[in-house]
Amino acid sequence: MIAGIGAAVPAGIMTNADFERTLDTSDQWIVERTGIRERHIAGPTETLLSFTLVAARLAMERAGVTAADLDGIVFATVTPDRRLPSAACDLQAQLGATRAWAFDVVAACPGWLFGLSIAEGLMRAGLGDTILVIGAEKLSSITDYEDRSTAILFGDGAGAAILTRAKGDGRGMLASYMGSDGTLAPLLYIPGAGSAEPLTDQVLRDKKHLVKMAGREVFKAAVLAMSRATDEAIGRAGLPPEAIDLLIPHQANLRIIEATAKHAGISMDKVMVNLDRYGNTSSASIPLALQQAEAEGRLKPGMVAMLVSFGAGFTWASVVVRW
Ligand code: UT7
């Protein structure tokens, strides 16, 4: 079960008006086509770990656990502070979680849901009782701020959860599902700066180290993937759609969220939306929304939440949880 959740974002905010000053775009276009109004962006001295640490400590505090209690750390991110070692190992060191194993998960936006399912599986395999699952991104580090079709979408943020064994009171993860389709990779990817084409001046000049996206195609694939993931989650949990108290979808585009809710037969008053304030924060998106839902009293113990996400890969995932 999720025993505690925490979230943190860098203090700096970029509004749609800020983009109006540098790009051929408008607040009206961005709000109508995406639902986003502002996003948090890390300052020059803020690292991914700096705000992830805040989220992790909040989750631990909420769960009443200390670093010494952690058996493992699963860190979902596509924007680690450096390539080697993992962000999870850096976090383990900063927390002083000396007993914990630690590794990263690269599954893009649904990475945190992949992480939850992996952690639950490891728990079942006897590899831990208390696992910290992080979803955190500094997407500003891979965003092309001269490309209006992607620049306006992304934000930075971190979410964290402490996963512990269910207590047999019905609360906990009821179902999970993960899927991937690597044939869709060219729709949303970073072409260079990996081992196939290591970082050079030319790669930098060609901006091959930054995200490229075919927005319209991703949009269509996303609606299909999200719909499939909600069907699977509902089926696997053995629950009718009306049993879902709150849908917490990946916060990429309000129109994708609305299409997903409609497909699942869930009315928008039961859908958590906070992309207006954070934009798309990839793997941090769901834990940021989950934390806010709990803080606002929209998610109370015993309620059923369906978490669903999709992203680059393509990857998609869903988890049904009794809070
Ligand atoms: O988390 C991972 C996944 N990523 C996503 O979920 C993103 C999925 N895709 C989307 O959310 C949408 O496709 C976008 C928001 C990226 C784009 O919205 P759209 O309604 O699909 O627009 P479009 O790409 O079809 O472009 C329509 C027009 C184009 O102009 P022309 O060719 O019709 O003259 C674009 O150049 O809108 C133009 N455009 C913009 N105009 C003003 C694209 N970006 C902007 C912009 N401001 N920022």
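Magnitude of the Cβ-charge dipole of the chain, K/R +1 and D/E -1, about the Cα centre, nearest 20 debye?
It comes to approximately 480 debye.
Among Ala76, Tyr177, Ala193, pick out the residue whose Cα is farthest towards the positive end of the charge dipole of the chain, where Lys and Arg carry +1 and Asp and Glu carry -1 on C-beta, about the Cα centre.
Working it through, the farthest residue towards the positive pole turns out to be Tyr177.
Using only the Cα atoms, work out Rg/Rh for segment 117-232, with Rh taken as the Kirkwood radius, to two decimals. Please list the in-between numbers first.
Details: Rg = 18.7 Å, Rh = 17.6 Å.
Computed over Cα atoms, the ratio is 1.06.
Sort Phe51, Phe310, Phe19 by Cβ crowding within 10 Å, fewest neighbours at the top.
Details: Phe51 23, Phe310 30, Phe19 20.
Least to most surrounded, the residues fall as Phe19, Phe51, Phe310.
Write down the percent of antiparallel bridges among all DSSP beta bridges whose residues are both part of segment 247-323, to the nearest 5.
On the way: 8 of 12 bridges.
Taking every DSSP beta bridge within segment 247-323, about 65 percent pair in antiparallel fashion.
Just name one of Ala93, Thr34, Ala108: the one whose Cα is farthest towards the positive end of the charge dipole of segment 2-164 (beta-carbon charges, Lys/Arg +1, Asp/Glu -1).
The listed residue farthest towards the positive side: Ala93.
Please list the helices of the chain that count as membrane-span-like by this rule: a mean Kyte-Doolittle hydropathy of at least -0.5 together with Cα atoms stretching 30 Å or more along the helix axis, each helix being a complete DSSP H run. Write out the running numbers ahead of the final one.
Working: long enough: 215-237 (32 Å, 0.09).
Qualifying helices, which must be both long enough and hydrophobic enough, are 215-237.
Counting only other residues whose beta carbon sits under 13 Å from that of Met178, what net charge do I get with K and R as +1, D and E as -1?
Numbers: positive: Arg228, Arg236; negative: Glu120, Asp181, Glu232.
Computed value for this residue: -1.
Please provide three numbers in whole Å: the alpha-carbon extents of the chain along the principal axes, with the largest listed first.
55, 45, 36
Just to verify a number: FRET efficiency for Lys220 and Ser267, C-beta to C-beta distance, R0 = 22 Å, to 0.05? Walk me through the numbers before you get to the answer.
Working: r = 24 Å, r/R0 = 1.08.
After rounding to 0.05, the efficiency reads 0.40.
Give me the distance between the Cα centres of segment 26-50 and segment 134-208, rounded to whole Å.
Measuring centre to centre over Cα atoms gives 15 Å.
What is the Cα coordinate range of segment 172-322 on the first, second and third principal axes, sorted by size from largest, in whole angstrom?
Principal-axis extents of the Cα atoms in segment 172-322, largest first: 54, 30, 27 Å.
Beyond a 31 Å Cα-Cα separation, which of these cross-linked pairs lie in this structure: Lys220/Lys300; Lys212/Lys300; Lys138/Lys220; Lys208/Lys262; Lys262/Lys300?
Details: Lys220/Lys300 33 Å; Lys212/Lys300 39 Å; Lys138/Lys220 26 Å; Lys208/Lys262 37 Å; Lys262/Lys300 24 Å.
Correct reply: Lys220/Lys300; Lys212/Lys300; Lys208/Lys262.
Of the DSSP beta bridges with both residues in the chain, give the percent that are antiparallel, rounding to the nearest 5. Let's see the in-between values first.
On the way: 36 of 52 bridges.
Approximately 70 percent, going by the DSSP bridge assignments.
Can you tell me the relative contact order of segment 26-169? Whole percent, Cα pairs under 8 Å, sequence separation 6 or more.
31 percent
Pop a pseudo-label 7 angstrom from the Cα along the beta-carbon direction at both Arg124 and Leu23 and give the gap in nm to one decimal.
4.1 nm
Which value, to two decimals, describes the C-alpha radius of gyration of segment 2-164 once divided by 2.2 N^0.38 Å?
Working: Rg = 17.0 Å, N = 163, 2.2 N^0.38 = 15.2 Å.
Rounded to two decimals, the normalised Rg is 1.12.
Could you give each residue of segment 296-302 its phi-based ³J(HN,Hα) in whole Hz, using Karplus coefficients 6.51, -1.76, 1.60 with θ = phi - 60°, and x for Gly or Pro?
Those phi angles translate into 8, x, 7, 10, 10, x, x Hz.
Since every read-out is calculated from the coordinates, none of them should be taken as a lab result. Keep in mind that what you see is a predicted model, and the values were worked out from it rather than measured. Neighbour counts are summed over all protein chains in view; Cβ atoms, including those assigned to glycine, are modelled from backbone coordinates with ideal geometry.
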